[in-house]
Amino acid sequence: MNLKSTNVVWHDGKVAQAQRAAVTGSTGCVVWLTGLSGCGKSTIAMQLEQRLISRGRAAYVLDGDNLRHGLNGDLGFTAADRTENIRRAGEAAKLFSDAGLIVICSFISPFAADRAAVRGKLADKFVEVFVDAPLEVCTARDPKGLYKKAREAQAQGRPMLMTGMDQAYEVPRNPEVHLHTDRQGVQECVEAIEAFLSGRNIFTSGNP
């Protein structure tokens, strides 16, 4: 059983957001990429990070697989574990964004309620990006071989808890940015996200 400590107090810092923004080149936000495995989230996230850094913006990718190597290494892929995975990721992203970074999160994050909970912590600093690709396109790409493993497991009567197959993916209803990677290239997707951030006045210095 998890016991929550009652002996903790939040300590406010002495550095104003404007001071951090002057250093990082942005007011800080969380760009949350959600979509099926194989839709292109990680590729877009890494390219977006590279582009922002090259333009003098402090940016960092929080990748779902990477967090499962450490912070979330104790979690599996049940519905409850997926919810906890996103809760922890959202808390980490909130701290990074408060530091003035553009935090690019790449998580399947299949449940709308979990994404809404993260949005609730961040308000207008949360930018949901639906990286949309049909399941048949994702299964054809299958960069990690997960769909192949899931099909083999299903054939043997063993569920693998694979989103899009034996676990549902709840499609975002009103994402800030909706990408279609079956017909949009990586560069076009990155430019679409950057254009949205510029319109949201996230950037405070350097090139637009």
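The values are calculated or read from the model by the stated rules, or taken from the named source; none is laboratory data. Source: prediction; values computed, not measured. Counting neighbours? That spans all protein chains shown, and the Cβs are built from the backbone with ideal geometry, glycine included.
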Among (1) under 18 Å from the mean Cα position of the chain (by Cα); (2) at pLDDT below 85, the one test that LEU33 misses: (2)
All but one of (1) within 13 Å of VAL30 (Cβ to Cβ); (2) not in a strand (DSSP E or B) hold for GLU128; which doesn't? (2)
From LYS149, LYS125, LYS144, grab the single residue that is at pLDDT 90 or above and not acidic (Asp, Glu). LYS125
Given the residues LEU101, LEU48, LEU52, LEU67, which is the only one that is under 27 Å from LYS148 (Cα atoms), hydrophobic (A, V, I, L, M, F, W, C) and crowded, with 16+ Cβ neighbours inside 10 Å? LEU67
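Could you please find all residues in segment 35-85 being part of a loop (DSSP other than H, G, I, E, B), touching a Leu at 6+ places or on another chain (Cβ under 6 Å), over 18 Å from GLY100 (Cα atoms) and not hydroxyl-bearing (Ser, Thr, Tyr)?
Of the residues in segment 35-85, the ones part of a loop (DSSP other than H, G, I, E, B) are 35-40, 55-58, 68-78.
Those left that are additionally touching a Leu at 6+ places or on another chain (Cβ under 6 Å): 37, 58, 77.
After this cut, where a residue has to be over 18 Å from GLY100 (Cα atoms) as well, the list is 37, 77.
Selection gives PHE77 alone.
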Read through the list (1) on the phi < 0 side of the Ramachandran plot; (2) in contact (Cβ under 8 Å) with a residue 60 or more places away in the chain, then give the number of the only condition that GLY25 fails. (1)
If we keep just the residues of segment 117-162 that are over 16 Å from the mean Cα position of the chain (by Cα) and of a type in the set (Val, Ile, Thr), which is surrounded by the most Cβ atoms within 10 Å (Cβ to Cβ)? THR139
Extreme residue, modelled with the lowest pLDDT, among residues of segment 163-200 that are loosely packed, with under 14 Cβ neighbours inside 10 Å and more than 18 Å from VAL129 (Cβ to Cβ): ASP166
